[in-house]
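Just so it is clear, none of the values below were taken in a lab; they were calculated from the coordinates. In this text, all values refer to a predicted model and were calculated from it rather than measured experimentally. Backbone-built Cβ (ideal geometry, glycine too); neighbour counts: all protein chains shown.
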Amino acid sequence: MTSERSDHMLGDTGATVLRDNAEVAEALGRSYSAGFVTEIESTGLPPGLSEETVRQISAIKREPEWMTEWRLKAFRHWLTMPQPDWAKLKMAPQDYQAISYYSAPKVAPKSLDEVDPALLETYEKLGVPLHERAALAGVAVDAVFDSVSVGTTFRKQLADAGVLFCSMSEAIREYPELVQKYLGSVVPPGDNFFAALNSAVFSDGSFVFIPKGVRCPMELSTYFRINAQNTGQFERTLIVAEEGAHVSYLEGCTAPRRDENQLHAAVVELVALEKAQIKYSTVQNWYPGDENGVGGVYNLVTKRGDCRGADSKISWTQVETGSAITWKYPSVILRGDRSVGEFHSVALTHHFQQADTGTKMIHIGRDTKSKIVSKGISAGRSNNSYRGLVKVEKGAEGARNYTQCDSLLIGKRCGAHTFPYMEVKNPSAIVEHEATTSKISDDQLFYCRSRGIGEEDAVSMIVDGFCKQVFRELPMEFAVEAKKLLEVSLEGAVG
Amino acid sequence: MLKIENLHARVEGKEILKGLSLTVNPGEVHAIMGPNGAGKSTLGNVLSGRDGYEVTAGSVTYNGVDLLALEPEARAAAGVFLAFQYPVEIPGVNNTYFLRTAFNAQRKARGETELDSMQFLKLVREKLKVMQISDELMHRAVNEGFSGGEKKRNEIFQMAVLEPKLAILDETDSGLDIDALKQVSEGVNALRSPERSFLVVTHYQRLLDYIVPDFVHVLADGRIVESGDKTLAHKLEEHGYAWLAQHGEPAGAQA
Amino acid sequence: MSESAVPFVASTLAVPPPSSGIGWLDEARRENLAAFGEAGLPDTRVEAWKYTALRALSQRSFIHGDAQAATRDIDPEAFALPGLDGPRLVFVNGVFRGDLSDLSALPAGLALRPLSQALAQDAEPLRFALARRYKERGDAFAQLNAAQAVDGVVLRVAADAKIDVPVRLVFVGVAADAELAWHLRNVIELGEGAELTLVEQHVGSGNARQLGTLVADVVLRDGARLQHIVAQDASADATLVHRHALQLGARAQALLHVLELGGALVRHDLQADLVGNGARLDTRGVFVPRGRQHIDTQLAIRHQALNTTSDSTWRGVADGRARGVFRGAILVAPGADGSDARLNNKNLLLSGSAEIDTKPELEIYADEVQAAHGATVGQLDERALFYLRSRGIPLAEARTLLTAAFCRAVLDDLPNATLREHLASLLAIRLPV
């Protein structure tokens, strides 16, 4: 498998060269440690969105005609859709003509060995070494920088096992029949406003295919990084696990500090065939904006899994600490009999962050099970909502759901909200929801302090305990990172 | 070591301590007895720095420093330990992890080297043996799902690990059956040393059969009204707190 | 299609709002009707109506009011509550019936009369309540009610008066020649420290294909105590949209028991604002839709003061092709420290064609708060069923028994034993077997 990149073809289509004052950014970036800007020459499309933009993206990526058409169809549909108006989110209106829909490092690597050292350094700083020698033990990484994948590690080992793990651009060229079969089959291009936009302009993302009976020999992971200014990131991820296949996939996200809001509108589709299992973990740490609510990423994401086969299982785990606005509901369609859907979430908001996240569990098959554990932590002037739907269709004999939503408030000016929807049409179903809201108790805090633990440490310890049920679901390396992220994100929340 | 002078303290605007004085020297065990509402628990909470307890007059000097000026964690680092009457549950926080964090935070504050998890585990195992606590307790979350007796034993176990200089036991006997009471008392007695002082706050004399005090003080209406040796506890047991009322003027509160 | 072409809206707008001769009232009626005409009936995209579609209703036309209501023959047995004598106001198809009512011997401190009389005598005290403009997208029926209601109940309890007999408000629906619509407006106020037990009954006879709307403002001044029972057993063909807006002052306490049993399409909005420190609200309710019934309860409790408490227990049982909808929203406003809010909604789904949609909500903006909610949809406890059968009780009977027990739990803390027994037997009759 060669990794031919087409970015050099850009030539004169766009020529935005960005050089940022990294020192200034560093100085500003006190608690958001991923807030640095990489000084790298980028190239991309100028801001603006039209059919021509869509064609250009498709051309840059040397896509086949069917893909171009697919995008155009999505784009035309998007034009007919109104931008959604959410009850609980305050969001500045987006100017979709002011965004650049494609940005890439100017010098395109042919393989990992050719990756620009500045880029490698970026990922080292983020704790994601891309050199296979130094790589995270047993984790294969695909790194997406702005609009393109800059490298995928452990390709050979994976290929030996029959696992396909590459960038989406590459998959469209190399495995068109698989992509055509599954792309948009879980999240149709017209599903919602942002999914339609993504379908039209998505630039890259990861593609994973685990053939029948294969257990993926290592954790797969993608690191997303927005670097360039005025750039939206529209990645598209597709994971297909054939009959009896197992895979665990992790994604991490960071972006530099910038004063304007950046848009991230991703689409993730998971397909699990009979007896297949997909575990999808996210640690989302996009730039959240500063303590006055200036800047930050708008993270508007459609994630959905389809338990298409009997006895399949899809499990979402997410730790959301970043973004100015998070809007995502990783969902599972429980189509196959006895299929299982899980959602484990920690969402922490501070300062002026807004998170509206949750899940949808759609029970269609018989004896399907779903479990939802959501932990929300609000601090500063932030607002944190759980919004979830558990739907049991008429034929979903014996369906079971258990939902637990707990919210923790830190401070007097934040909000914690719970909006669960339960729609049940089958009399043999059992659906249960429980939710609590409270603050860190003075008794707990005093107990820790009277044993010699300082207030900030005591708070992180109690918050960590509050989130334990979810952290347990994360792979070890991520659990450690998630815990640190919470600590950093809570800085200054107390007192 | 500890010198409380004319301590006045209010809770929710109501004066509870009304001029309490007490001196504790290294190695001494002082029992504070008194009827409900006398201010026994308030004393423990004031000494350990709980919010909501307002000191309106008086002073507390601990090894020459103004104890009341210190944050709760600083008091802990200085060697003050409160065994709670009602230890709180902290879901999801592992008991061992909690204790190691506390242990190292205290050591760090004192400028001592911290123990890594292996060294700490070794220490915990030794102490567990002495305290007759099953290590299963250490894998659970702090106090979560513990029985009343387990919670109290866990408090004494924490004390054994943290090795404070001044331990305040706040009604440690409440809610314990006789076996648990014996176990807890043995734990405490094992920790008695010439450097370590104890303030044992209790309503009943029963505990003092097992933890034999050097001094007994009677706290009533926010002041120490009577002080004596361990025989005072027996007198109280015999006559009840009402006996004190007829017993004349509040005594000078010097131990 | 423009809104005025919708039969329901057209038939409503065809009748000009009644004139009262009171300037501010007529203006409020006109504006509310105009607001209704502009927006029409909400569709399911309006969050408050997500689970209650009004398509079928929108295609029906209604005649405003029943000209023969005053002379219709009504059997008082239909609403009798043996053992609970006291003042009562009776309305038939939305029209006050003095002959069926009992306003003799009102206890001291209780003022009770029809709204029409109160307006004729002195409208000014009602201005605050009746001059309101309803503006929310989901408020169509409140707008309609505000525009069209010419009667209702005005009830006032003087400060510190403790009324020791229950006061009853009875709403009877009977079949008429045409489909008719009626609207009633109740204004209820308990002075400081006042106490009252209020029983609202909806009863129906025959196939009364009618639309009734009822809007009630219930104000509890500081320290007032209210026990409020709503026993809704309207005609099987009726559409009923009722709304209670409670406001609780400092240390005021309200205990509500709601039975939603009758009607074809029933919507109940129950809103409570806890505006005084230390106010306490307890709500208990059960909805039992069977056949093709659709019963939608929207409970919204807003904690807006210090140390306020709310506790809500609701049960639902859906059978046949029925649909039960419940929303239980709790809001704790910024600064409402010391709030304690609990809500629980358990549901039984008895048929493969029935549906339950439930949505508990917490919206919390203060941190010194204890808030919790829970909701379940499921079946009877298999172990309990087995236990009963192992003692010789046949399956069907065991089910009925357990279903009844499941619903009756909401009546447990109703202090008045006579009322409790009456409601329990009403419930037993209406439960699916």
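General observations
- Taking the alpha carbon gyration tensor of region B:1-100, multiplying each eigenvalue by 5 and rooting it gives semi-axes of 24, 17, 14 Å, largest first.
- Under-5 Å amide H pairs with C:Leu184, H placed in peptide plane, nonlocal only: C:Thr213, C:Leu214, C:Val215
- Once the Cα atoms are used to define both axes, helix B:178-191 deviates from the longest principal axis of chain B by about 80 degrees.
- When you work out D = kT/(6 pi eta Rh) for region A:291-403 at 20 °C and 1.002 mPa s, using the Kirkwood radius from C-alpha pairs as Rh and the Stokes-Einstein form, the result is 148 µm²/s.
- For C:Leu306, residues with placed amide H under 5 Å, excluding near neighbours: C:Asn277, C:Gly278
- Within the protein assembly as shown, the ratio Rg/Rh, alpha carbon atoms throughout and Rh by Kirkwood, equals 1.02.
- Reach of B:Lys18 by Cα under 13 Å, taken over aspartates and glutamates that are not fewer than 8 positions away in the same chain: B:Glu5, B:Glu54, B:Asp221
- Order of A:Thr317, B:Thr61 - criterion: other Cβ atoms within 10 Å of each residue's Cβ, fewest first: B:Thr61, A:Thr317
- Share antiparallel - DSSP beta bridges, the protein assembly as shown, percent rounded to 5: 15
- Selected from C:Ala105, C:Ala405, C:Ala279 as most flexible by GNM, with chain C as the system and alpha-carbon contacts under 10 Å: C:Ala105
- Relative to its residue count, region A:440-493 spans a Cα convex hull of 79 Å³ per residue.
- Cβ-derived FRET efficiency at R0 22 Å, C:Glu397 paired with C:Ile429, nearest 0.05: 0.85
- Within the same chain, aspartates and glutamates fewer than 8 places from A:Lys275 are excluded, and of the rest, those with a Cα less than 13 Å from its Cα are A:Glu242, A:Glu243, A:Asp306, A:Asp311, A:Asp337.
- Entries in A:Lys483/B:Lys165; A:Lys394/C:Lys359; A:Lys391/A:Lys439; A:Lys328/A:Lys391; A:Lys279/A:Lys328 that, when Cα-Cα distance is taken, lie over 22 Å: A:Lys483/B:Lys165; A:Lys391/A:Lys439
- Cβ crowding within 10 Å averaged over residues, with C:292-301, A:211-220, C:17-26, C:346-355 ranked highest first: C:292-301, C:346-355, A:211-220, C:17-26
- Build a GNM of chain B with springs between Cα atoms under 10 Å apart, and of B:Gly19, B:Gly149, B:Gly92 the one that fluctuates most is B:Gly92.
- Averaging 1/r across all pairs of distinct Cα atoms in chain C and inverting the result yields a Kirkwood radius of 22.2 Å.
- Partner aspartates and glutamates for A:Lys90 [C-alpha distance under 19 Å; skip if fewer than 8 residues away on the same chain]: A:Asp259, A:Glu260, A:Asp290, A:Glu291, A:Glu320, A:Asp356, C:Glu47, C:Glu363
- Pairs from the list B:Lys40/B:Lys230; A:Lys412/B:Lys152; A:Lys303/A:Lys369 with a Cα-Cα gap above 24 Å: A:Lys412/B:Lys152.
- Per the Cα gyration tensor, region A:356-453 maps to an equivalent ellipsoid with semi-axes of 35, 15, 8 Å, ordered largest to smallest.
- Ranking of A:Tyr101, A:Tyr329 by count of other Cβ atoms within 10 Å, fewest first: A:Tyr329, A:Tyr101
- C-alpha center-to-center spacing [region A:274-343, region C:75-101] in angstrom: 58
- Inter-chain Cβ neighbour count for B:73-85, averaged per residue, equals 3 (cutoff 10 Å, partner chain atoms only).
- Per the Debye calculation on chain B with a single equal scatterer at every Cα and no solvent contribution, log₁₀ I(q)/I(0) for q = 0.16 Å⁻¹ amounts to -1.23.
- Cα centroids of region A:58-100 and region A:152-213: 19 Å apart.
- Counting other Cβ atoms within 10 Å as a rough exposure proxy, the listed residues C:Asp269, B:Asp66 run B:Asp66, C:Asp269 from fewest neighbours to most.
- Mean-square fluctuations from a GNM of chain B, with a 10 angstrom spring cutoff on Cα atoms, peak among B:Thr172, B:Thr101, B:Thr23 at B:Thr101.
- In the protein assembly as shown, helices alone account for a calculated mean residue ellipticity at 222 nm of -7000 deg cm²/dmol, with every DSSP H run of four or more residues adding -39,500 (n - 2.57).
- Spatial separation of Cα centroids for region C:1-61 and region B:159-223, in angstrom: 75
- Counts of other chain beta carbons within 10 angstrom of each beta carbon in peptide B:101-111 average 4.
- Neighbouring Cβ atoms from other chains, within 10 Å of the Cβ of residues in A:459-472, number 3 on average.
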